[in-house]
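S.K.: First, the structure itself, so that you have it in front of you.
The values are calculated or read from the model by the stated rules, or taken from the named source; none is laboratory data. These figures come from a predicted structure and were not determined experimentally. Note: ideal-geometry Cβ built from the backbone for every residue, glycine included; neighbour counts use all protein chains shown. Surface accessibility is based on the protein's heavy atoms, side chains included, excluding ligands, DNA and RNA. Shrake-Rupley method; radii C 1.70, N 1.55, O 1.52, S 1.80 Å.
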Amino acid sequence: MEIIRATTLAEQAGAYYVRIQAMARKHKIPLQAEFDEHDTPQTKYIVVVDDYLPIATCRLYALDDEQVCIGRVVVLPEYRRQGIGTRVVSEAEQWARELGFKSAIVESRDNKVHFYETLGYTINDLQKIVGETFVCIKMRKQLI
């Protein structure tokens, strides 16, 4: 397996492929909801490739000069429970540190909060975000 910081259109397409396969299809999320205003040319993507197949991804984008949002963390179902999600988030955090961000924010699905807690994220003020598909909880981690 290879972890890629997606910098080419083909690598970014790998991120989109994983999101469509694992989220849009499974949860019947329309493309315009899955790909939102945060999918821009400035957005950074991590892609994990097994041989030639993209199997996991996440995106990161600046919230301000000090905070980055890490989101759309997705692992294809057949690759779950192997530590790949942890590796994706860790690589995103490292990239964010290199870019000078001091903290990371995630908006975790309510049933995934424990996963992020094991990675050092905390809930400061219980902020529930009720979306069309999921209820999410805002969590934070200091990177520096």
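S.K.: Take peptides 17-23, 42-48, 1-7 and line them up by average Cβ neighbours within 10 Å, highest first, as a rough protection proxy.
M.R.: Ranked from most to least packed, the peptides come out as 42-48, 17-23, 1-7.
S.K.: Still on this structure, please answer the following. Ignoring ligands, DNA and RNA, what accessible area per residue does the chain give at 1.4 Å, in Å²?
M.R.: So the chain comes to 56 Å² accessible per residue, rounded to a whole number.
S.K.: Got a sec? What order do D110, D51 fall in by accessible area at 1.4 Å, biggest, i.e. largest, first?
M.R.: Sorted by accessible area, descending: D51, D110.
S.K.: Separate question: Which one, C69, T122, P54, is farthest towards the positive end of the dipole of segment 34-144 when Lys and Arg carry +1 and Asp and Glu -1 on their Cβ?
M.R.: Toward the positive end, the furthest listed residue is T122.
S.K.: Just by accessible area at a 1.4 angstrom probe, what is the order of S108, S90 from largest to smallest?
M.R.: Sorted descending by solvent-accessible area, the residues read S90, S108.
S.K.: Still on this model: In square angstrom, rounded to the nearest 10, how much accessible surface does E117 have for a 1.4 Å probe?
M.R.: 90 Å²
S.K.: Oh, and also: Would you compute, from DSSP H runs of 4+ residues alone, the mean residue ellipticity of the chain at 222 nm, taking -39500 (n - 2.57) per run and dividing by the full residue count, rounded to the nearest 500?
M.R.: Computed ellipticity for the chain at 222 nm equals -7000 deg cm²/dmol.
S.K.: Using a Gaussian network model on the chain with a 10 Å cutoff between Cα atoms, which of Q82, Q32, Q127 fluctuates the most?
M.R.: The residue with the greatest mean-square fluctuation here is Q32.
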